[in-house]
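So the structure is just underneath, and the comments pick up after that.
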Amino acid sequence: MTRPALLSLDEALPQLLAHAKPLSGVQRVSTFEADGRVLAQDVVSALQVPPQDNSSMDGYAVRTADCQTSGALLRVTQRIPAGSHGSPLGQGEAARIFTGAPIPQGADAVVMQEDCEPVDASCVKVLKPMVAGQWIRCAGEDVTRGAKVLALGDRLTPASLGLAASIGLAHLHVAPRPRVALFSTGDELVMPGDVAPEDMADGAIYNSNRFFLRAMLHRLGCEVTDLGIVPDQREATVEALRDAAAGHDLILTSGGVSVGEEDHIKPAVQALGTLNLWQLAIKPGKPFAYGQVNRSDFSAGACHFMGLPGNPVSSFVTFLLLVRPFVLALQGVKNTDMLRTTLSAHFDWPRADKRREFLRVKRNAQGGLDLFANQSSGVLTSAVWGDGVVDNPAGQTIARGDAVEFISFAEWLS
Ligand code: AMP
Ligand code: MG
């Protein structure tokens, strides 16, 4: 049997992403519903924010020319709460003003109420000198009219929804959600809830991949059809793939991508389309497949196929390294690179590996990284205990105190 060539992640990822053309179509969604979605067009502001100069304090709007000496006495001639607007301020006058209220014409500063002493209902003493512009939020200091505040391909966050709302947008145009069919392969797999732990047959294990893969797809904006467990049989696998291709953009599977007798993914995908089986030079990970499954309606094109290894941590890590950027690229996200921070290893890793490793680690109170003791690709506890990975280059050992590259799960999974 010929072994597929070992491919580095840096070679594999661009090859993979070259297939991830953004899905066609645009959806108009309520701004409330747009968190995590990807913009299908630039967002340009039709107005400035704030719309006018306004007070950033509760206090008095004044003319600095009237307050050259401390203890200046001013006549309070108007009251301007937020949501109203005042009238022009004359010489020697002050306006009682509240946070967010527009600065009246003629005023050029606000004195906070803590720096004033009301003399009576219509007179205030200003205790401190001031500079022009003090406690004034300037019109347009957040957004200028005509500015591009969000760009095509941006993934929306709660803050970006607020920014879109601040320029008056109740709806946004976003990329369609990738429709992903998910199935697990493996005759040993049993669903939690179907069989109680005490009734598990010898050789059976619970299907864990299905749970985190589905959750991660949802977090990345995908619409998931969960097709459950497909038996380790060629015909059943072909049938599942053929059915799934019709109404989906991507079929994602776990398990069965090695080249053993019980691994049916390879011949099944090849029977329906094309497949590249990769042996990636990463650990955990290694077997990974990308291909395309033709739809029976040929005019509808082909459906993407991605096959992940069955070992839970391999499945988890290859998802983050390869599926995550792929499904984001389908939505039009341009840069899917992860932020890496350089931190100090508070552990030793004396055995270098031929493959690039993604070691599960946790940040500690000293600002360094602790290593999870068991780095086996079957030990999912490592991914729960850990809050990220060290991206360790091939052939590299780590000594306590070495600077290493850390990628945080919190960001990777967002
Ligand atoms: P495979 O890639 O199918 O050869 O599976 C590799 C290992 O991962 C085997 O020990 C499987 O039992 C295990 N495995 C496969 N699929 C799953 C799954 N969905 N949940 C938990 N373990 C799995
Ligand atoms: Mg299997």
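Odds and ends about this structure:
- Residue in the range 215-236 that is among the aliphatic types (A, V, I, L, M), closer than 20 Å to Ala383 by Cα and within 16 Å of ligand 2 (Cβ to nearest atom) present: no
- All conditions but one from (1) assigned to a strand (DSSP E or B); (2) within 16 Å of ligand 1 (Cβ to nearest atom); (3) of a type in the set (Ser, Thr, Tyr) apply to Ser314; the one that does not is (1).
- Test: Arg137 is over 13 Å from Met57 (Cα atoms) and within 42 Å of the chain's Cα centre (by Cα): no
- In the range 342-401, the qualifying residues are those that are of a type in the set (Ser, Thr, Tyr) and over 26 Å from Tyr206 (Cβ atoms), and the one that is farthest from the chain's Cα centre (by Cα) is Thr397.
- The range 192-291 holds helices (runs of 4 or more DSSP H) entirely within its bounds, and those carrying 2 or more residues that are closer than 30 Å to Ala34 by Cα, touching a residue at least 40 places away in the same chain (Cβ under 8 Å) and in contact with a helix residue (DSSP H, G or I) (Cβ under 9 Å, 6 or more places away or on another chain) map to 209-219, 234-246.
- Lone qualifier among Gly291, Gly273, Gly256 - being in contact with a Gly (Cβ under 9 Å, 6 or more places away or on another chain) and within 14 Å of ligand 2 (Cβ to nearest atom): Gly256
- Failed criterion for Ser299 (all others in (1) at pLDDT below 95; (2) away from ligand 2 (no atom under 16 Å from the Cβ); (3) of a type outside the set (Val, Ile, Thr); (4) closer than 27 Å to Ile205 by Cα hold): (4)
- For beta carbons closer than 7 Å, sequence separation of 6+ or different chains, a first residue in the range 321-345 that is aromatic (Phe, Trp, Tyr) and a second that is in a loop (DSSP other than H, G, I, E, B), the qualifying pairs are Phe326/Ala20.
- Out of Gly260, Gly228, sole residue that is loosely packed, with under 14 Cβ neighbours inside 10 Å, modelled with pLDDT under 95 and within 14 Å of ligand 1 (Cβ to nearest atom): Gly260
- Output for the range 177-203, where each listed residue is within 13 Å of ligand 1 (Cβ to nearest atom) and either crowded, with 21+ Cβ neighbours inside 10 Å or among the small types (Gly, Ala, Ser) (or both): Leu182, Phe183, Ser184, Thr185, Gly186, Leu189, Gly203
The values are calculated or read from the model by the stated rules, or taken from the named source; none is laboratory data. As the structure is a prediction and not an experimental result, all values here were calculated from the model. Positions of Cβ are backbone-derived with ideal geometry, glycine not excepted, and every protein chain shown enters the neighbour counts.
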